[in-house]
Amino acid sequence: MVFYWGWRISQEGMKPSVQARRTAALAYLALLPFIMFLLLRVLYLQHDPDPVMQNRWEVSFPFMDKVNTFKINPWPMEVVANFDTRWMFLKAAVINSARVTLLSIVLCVILGTIVGVTRLSSNKLASTMATVYVEIFRNLPLAVLLFLIATQYGLQAPLFIEERFLLGGAVFYSNQGIWFVTVASYQRLVMGLVALALLRAALRHMDRIEPRFIITPRTPQEHLRRPFSTLGWRLEALASDILLIFAAVIFINFLVPFVSTNGGGIEAFIAMAIIVYALSVTSKLDDDGMNALQIDDSESGLRKRFTIWVAAFAVAAGIAVSKGLSWPDYIKDRNGDGVIDSPGAWDIAEGTGFEITPFFLAMILGLTLFTASTIAEIVRGSIQSLPRGQVEAAISLSLNPFQRLRLVILPQALRSMVPLFNNQFMNVWKNSSLAVIVAYSDIFYVILVMMNNVGKLIPLFILLLITYQAGSLAISAVMNWYNTRVTSVKI
């Protein structure tokens, strides 16, 4: 019957949109018996006469309020086995997956862009090496790659007792992790970044020119998205930049307690809403043409701007390190009695340096190398899809290769890259579930162990599906918003 109606639909001369809707309805109709069977099967198991089976399939979450019994390796949120609840362990696992995903996305975009551009290089050695990289890592299963990285790092990295330091003690590395020197006060680091952001806002204010058409908000919705319109075109844009800076400070201030303690949930969501509103205000100004800039790109102007930024970075760095640095403190005498402990008790003092665990490092390397090979092909294909006349026009303007790439080629190729980047970023989020291979405590690992310990299959599977779906939707929402910013023609 399904095949018959599918044939009938294909024979009718209807519009493609109507045919697509009818085909989708037919597909849902064909899947309806299977869906009903699964629902009835779950209902039967939930009302099974066996109490053990009924408890296993019951959709309720009181068991998540009980203490968890196994250990994980989270950061920055610390959870303690036999003390914190399963909800806290799930939150720590979500943070673990989110941080490895976000960092991998940034690194794979950088590496993939470099490799993709290198594949088009006139240098045969560079293009061949980039092609070899793409062909190797694109055709290597991610699970195998993660296994190889984890095992080879454990075999090749030096033992902890070998005391391997780099850069005068700024870096300590071993098979138990890598420790870097860091600032002693992260509050001072944020203050330095705020100083740089305020300088950027001031420079944009000086470079801003009067727009050709001044658009005045008329509706309440437009006034909401342009709350500083009464200040005039110059001060309105400056106020929106300052609003964005302070929204970011508020967001960081409330995000840190949320990701490092068991509280701060409502405050973090409110801070997120504030920064989203600040971004919408800036976006509305750009759409209305109120952020027109005219930058002095002459030799003297560029030299002046470079001098200002060098001085600003020096001041920001001074603010960041004003309370000193935290160096990795390698201790051999835990008791302080002057007697060196056995090598098995040597360690880096708690709270000194910044630690990167081998599990986190293996996940970052695996996801970055694997995804960058696909992103490199996206970059290469997007660049080659541009009309040849664009490159020739850039050459006629006497632009050097780097300027052609930065000012002409990549901005236009970005329009076709972003939708494909969206798919790859969601793949990174979903591929992080392979963290169990390298013993990294992600969502899937924590849920899997809870299933074995508690036996609550359906509730834990629901939590797993909701978490991954929420992450995918968040990535898709951000990329769709960015796509509207870089796409001039909407189809």
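Laboratory data are not the source of any read-out in this text; all were calculated from the coordinates shown. Only a predicted model underlies this, so the values are computations on that prediction, with no experimental measurement involved. Cβ: placed from backbone, ideal geometry, glycine included. Neighbour counts: every protein chain shown.
On full extension of the chain, what length is gained from Leu31 through Gln152, given 0.36 nm per residue of separation minus the C-alpha to C-alpha distance?
38.9 nm
Once the Cβ-Cβ distance between Phe228 and Gln187 is put in as r, and R0 is 25 Å, what FRET efficiency do you end up with, to the nearest 0.05?
Once rounded, the FRET efficiency stands at 0.30.
Go ahead and estimate [θ] at 222 nm for the chain from helices alone: -39,500 (n - 2.57) per DSSP H run with n ≥ 4, summed, over the residue count, rounded to 500.
-22000 deg cm²/dmol
Output ³J(HN,Hα) for region 31-48: one whole-Hz value per residue in order, computed from phi by the Karplus curve 6.51 cos²θ - 1.76 cosθ + 1.60 with θ = phi - 60°, and x for Gly and Pro.
Using θ = phi - 60°, the values come out as 7, 4, x, 5, 5, 5, 4, 5, 5, 5, 5, 5, 4, 5, 5, 5, 10, 5 Hz.
Evaluate the distance, in nm, between pseudo-label points positioned 7 Å from the Cα of Val59 and of Leu235 along their respective Cα→Cβ axes.
Spacing of the two 7 Å Cα→Cβ label points: 5.6 nm.
Which pairs, out of Lys91/Lys430; Lys124/Lys304; Lys71/Lys430, put more than 27 Å between their alpha-carbon atoms?
Lys124/Lys304
Within a 10 angstrom radius of the beta carbon, how do Tyr133, Tyr440 rank from fewest other beta carbons to most?
Fewest-to-most ranking of Tyr133, Tyr440: Tyr133, Tyr440.
Taking 0.36 nm per residue of sequence separation and subtracting the Cα-Cα distance, how much length would be gained by fully extending the chain between Ile458 and Phe313, in nm to one decimal?
In short, 46.9 nm is gained.
For Glu135 and Phe306, what is the calculated FRET efficiency with R₀ set at 41 Å and r taken between the beta-carbons, to the nearest 0.05?
E between Glu135 and Phe306, to the nearest 0.05, is 0.55.
Region 159-263: which chymotrypsin sites (Phe, Trp or Tyr not before Pro) are DSSP loop and have at most 15 other beta-carbon atoms within 10 angstrom?
When the chymotrypsin sites (Phe, Trp or Tyr not before Pro) of region 159-263 are filtered for loop state and at most 15 Cβ neighbours within 10 Å, Phe213 remain.
Would any residue of region 209-253 have its amide N under 19 Å from a label point 7 Å out along Cα→Cβ of Thr484? List them or say none.
Backbone N within reach: 217-227.
Taking N as the number of residues in the chain, what is its alpha-carbon radius of gyration divided by 2.2 N^0.38 Å?
Working it through for the chain, the quotient is 1.19.
Work out how much length Leu203 to Leu39 would gain on full extension: take 0.36 nm times their residue separation and subtract the Cα-Cα distance, in nm to one decimal.
Between Leu203 and Leu39, full extension yields an extra 53.0 nm.
List the residues of region 447-491 whose backbone N lies under 18 Å from a point placed 7 Å from the Cα of Ser17 along the Cα-to-Cβ direction.
Counting only backbone N, you get 490-491.
Using label points projected 7 Å from each Cα along Cα→Cβ, tell me how many nm separate Asp347 and Arg388, to one decimal.
About 6.6 nm separates the two model spin labels.
Return the FRET efficiency for the residue pair Ile266, Ile114: r is the Cβ-Cβ distance, R0 is 51 Å, and the value is rounded to the nearest 0.05.
The pair Ile266/Ile114 has a calculated efficiency of 0.80.
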